[in-house]
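The values are calculated or read from the model by the stated rules, or taken from the named source; none is laboratory data. Everything quoted here is computed from the prediction, not taken from an experiment. A quick note on method: Cβ atoms are made from the backbone with ideal geometry, for glycine too, and the neighbour counts reach across all protein chains shown. Keep in mind that these areas ignore ligands, DNA and RNA; they rest on the heavy atoms of the full protein, side chains included. Shrake-Rupley method; radii C 1.70, N 1.55, O 1.52, S 1.80 Å.
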Amino acid sequence: MKILFAASEAYPLVKTGGLADAASGLPAALAGLGVDARIILPAYPEALDKAQAKDQGVALGDPLDAGETRLISARLPDSGAPVLLVDCPSLYDRPGGPYVDAKGHLWPDNHLRFALLSKAAAMVCTDGANGWRPDVLHANDWHAGLAPLYLKQALPSVFTVHNIHYQGLFERKTLQSVGLGDEHFTVNGVEYYGKVSFMKAGLQFSDRITTVSPTYAREIQGPEMGEGLHGLLAARADVLKGVLNGVDYGLWSPAKDKAIAANYTAGRLKGKAECKRSLQRQLGLAELADAPLLGMVSRFTNQKGVDILLDALKGVFGLGCQLAALGSGEARFESALSSAAAASPKRMAVAVGYDETLAHRIQAGADMLLVPSRFEPCGLTQLYALKYGTLPVARRTGGLADSVVDVSKGEAGTGFVFDEATSEGLLGAIGRGVELYKQPKDWRRVQNNAMKQDFSWRKAAREYMSLYKELLL
Ligand code: ADP
Ligand code: GLC
């Protein structure tokens with residue numbers, strides 16, 4: 001079986017969040033099941049830099065009148081997984097991130113940048129690349145949302161929603177510039193409150209829709225979380241399924257992680273204490289072995305509940321906790337967190353920016369990982385935390401609800417779950433965590449349970465494989 005997996009980012013070529021982990025993790029797990037899965041993504045400079053075994057590329061012409069385009073075949077470093085890089089220098093050859101420039105402003109031609117990704121994916125489906133043609137197109141999030149539409153049902157397609165909040169909304173005139181007729185500007189097409197929605201195109205024109213957890217699949221069918229697309233999602237409920245993301249334990253395991261100060265296992269936790277000490281030292285926190293150290297690795301946005309944490313800080317310190325946060329995002333959150341850390345440097349440290357190594361070191365060194373998200377399609381950091389014996393403090397929403405079991409559930413417990421998206425809710429859960437932390441034997445038991453959980457990609461890959469098979473019947 002041959003699958004083309006279209007996404008705007010893939011680890012380790014380019015990553016701003018969990019989509020990148022999923023876009024490399026799922027195809028790799030599919031490959032483990034014998035599927036020939038290839039990833040297609042834009043040839044951003046850093047992706048071109050990091051990709052290995054690049055060929056000369058084949059010419060695709062100028063599909064959207066936005067610049068000459070080539071399709072380069074290459075491989076991911078380490079895993080060797082095959083990737084196709086859509087190389088259109090006029091759209092992608094510039095410094096900055098996949099979505100924003102160095103100052104954080106959205107690229108003004110994002111509609112073209114991602115329409116071209118979709119167009120190139122559809123062209124590989126219909127014309128092939130180097131003699132290779134997939135059986136199924138698997139498009140991800142709004143960036144690849146136009147692909148099922150361009151494809152015109154030439155092949156079956158799956159569309160995965162990683163986050164319905166980001167929809168890729170553009171002015172009506174965009175349709176023409178991406179080579180699509182005005183006939184698509186209808187309620188049953190891609191029109192969304194007077195705009196063009198790339199996300200809606202994916203939802204409307206794919207054969208199957210998935211999202212990254214069963215709970216989120218239910219949530220987005222309702223008005224509260226559906227971001228205006230709940231009607232469409234509910235109408236397509238028969239083809240909508242939630243499949244929980246997985247973890248690449250080759251990258252995220254305390255037993256072999258090279259980024260952390262000492263390796264450890266559930267049976268031998270000495271290394272975890274060393275990781276904590278080392279993290280405290282690196283971040284300038286007081287080197288107190290017994291102070292519960294809370295970690296957070298997150299985009300600093302409203303979704304992630306950063307303001308909820310900010311409101312809870314006094315209480316967090318009152319409970320004797322330390323806090324180590326890594327992330328970047330909205331300037332107001334970056335500066336509020338940084339000033340709070342500057343005011344209490346022995347108790348709180350904030351690293352603003354993107355730092356893969358520090359993300360691993362926080363997962364290993366912290367005692368608890370905070371995930372106070374308002375909504376969370378899946379969430380990967382809590383899955384990593386479980387494996388590192390770092391008990392998640394998570395809101396009961398989306399994939400968090402599907403992956404963290406509250407300690408009140410007895411034997412099954414792996415973390416501390418709360419319902420209200422408020423500082424009181426968060427503090428209540430942290431407080432319960434601190435109480436358990438003071439009972440080392442009980443803490444160890446839950447920690448052991450957390451580390452035993454298996455969220456490997458294999459399970460998700462099997463579910464996707466049966467979905468693809470259904471489409472090929
Ligand atoms: P989302 O995709 O919504 O941002 P996820 O929990 O699914 O949330 O995935 C976040 C991914 O990005 C994880 O791999 C996490 O470790 C990583 N990450 C987030 N912020 C940073 C950062 N500032 N530095 C390094 N890694 C980060
Ligand atoms: C999105 C979601 C996150 C999910 C990730 C990977 O970025 O916000 O919850 O884990 O995609 O699917």
Each label point is 7 Å from the Cα along the Cα-to-Cβ direction; what then is the distance between the points at E356 and E68, in nm?
3.2
Would you mind getting me the FRET efficiency between D290 and R218? Use the beta-carbon distance for r and R0 = 30 Å, nearest 0.05.
0.15
Under the Debye formula (equal points on every Cα, no solvent term), log10 I(q)/I(0) of the range 109-266 at q = 0.14, 0.15 Å⁻¹:
-0.72, -0.80
Determine the share of the range 270-452's accessible area contributed by carbon and sulfur atoms, expressed in whole percent, with a 1.4 angstrom probe.
53
Quick one: net charge around W107, please, counting Lys, Arg +1 and Asp, Glu -1 for every other residue with C-beta under 12 Å from its C-beta.
+1
First measure r as the distance between the Cβ atoms of N448 and H165, then evaluate 1/(1 + (r/R0)^6) with R0 = 41 Å and state the FRET efficiency to the nearest 0.05.
0.70
Got the relative contact order for the range 270-452 handy, in percent, Cα pairs under 8 Å and 6 or more residues apart?
21
In order over the range 441-448: 3J(HN,Hα) from phi, Karplus 6.51/-1.76/1.60, θ = phi - 60°, whole Hz, x for each Gly or Pro, gives 5, 5, 4, 4, 4, 5, 4, 4
Rough spin-label spacing in nm, given labels placed 7 Å along Cα→Cβ, for R458 and D238:
3.5
Using the heavy atoms of the protein chains and a 1.4 angstrom probe, tell me the accessible area per residue for the chain in square angstrom.
39
What trypsin sites (Lys or Arg not before Pro) in the range 115-185 are in a loop by DSSP, with at most 15 other Cβ atoms within 10 Å of the Cβ?
K152, R172, K173
Say R0 is 56 Å: what FRET efficiency, to the nearest 0.05, do Q176 and K256 get from their beta-carbon distance?
0.60
Highest mean first, what order results for 28-35, 209-216, 235-242 on Cβ atoms within 10 Å?
209-216, 28-35, 235-242
Rounded to the nearest 10 degrees, the helix 356-365 long axis (Cα) sits at an angle to the longest Cα principal axis of the chain of 30
So, counting K/R as plus one and D/E as minus one, what does the shell of residues with Cβ under 12 Å around I3 add up to?
+2
Normalising by the residue count of the chain, find the relative contact order in percent from Cα pairs under 8 Å and 6+ residues apart.
12
Hydrodynamic calc, the range 138-178: Kirkwood Rh from Cα pairs, then Stokes-Einstein at 37 °C with viscosity 0.692 mPa s, so D in µm² s⁻¹ is 292
Apply the a/c threshold of 1.5 to the C-alpha gyration tensor of the range 270-452 and tell me whether it is rounded, prolate or oblate.
rounded
Hey, can you grab everything whose amide H is under 5 Å from the amide H of Y11? Only 5+ residues off in sequence or another chain; H modelled, so Pro and N-termini drop out.
D21, A23, S24
Of the heavy-atom accessible surface of the range 91-217 (probe 1.4 angstrom), what whole percent is carbon and sulfur?
52
Taking every other residue with Cβ under 12 Å from the Cβ of A66 and scoring Lys and Arg +1, Asp and Glu -1, one gets -2
Beyond 36 Å, what share of the Cα-Cα pairs of the chain remains, rounded to the nearest whole percent?
29
Could you tell me which of rounded, prolate or oblate describes the range 69-154, using a ≥ b ≥ c as the square roots of the eigenvalues of the alpha-carbon gyration tensor, with rounded for a/c under 1.5 and, failing that, prolate when a/b is larger than b/c and oblate otherwise?
oblate
Using Cα-only point scatterers and the Debye equation, what is log10 of I(q)/I(0) for the range 1-150 at each q in 0.12 Å⁻¹, rounded to two decimals?
-0.42
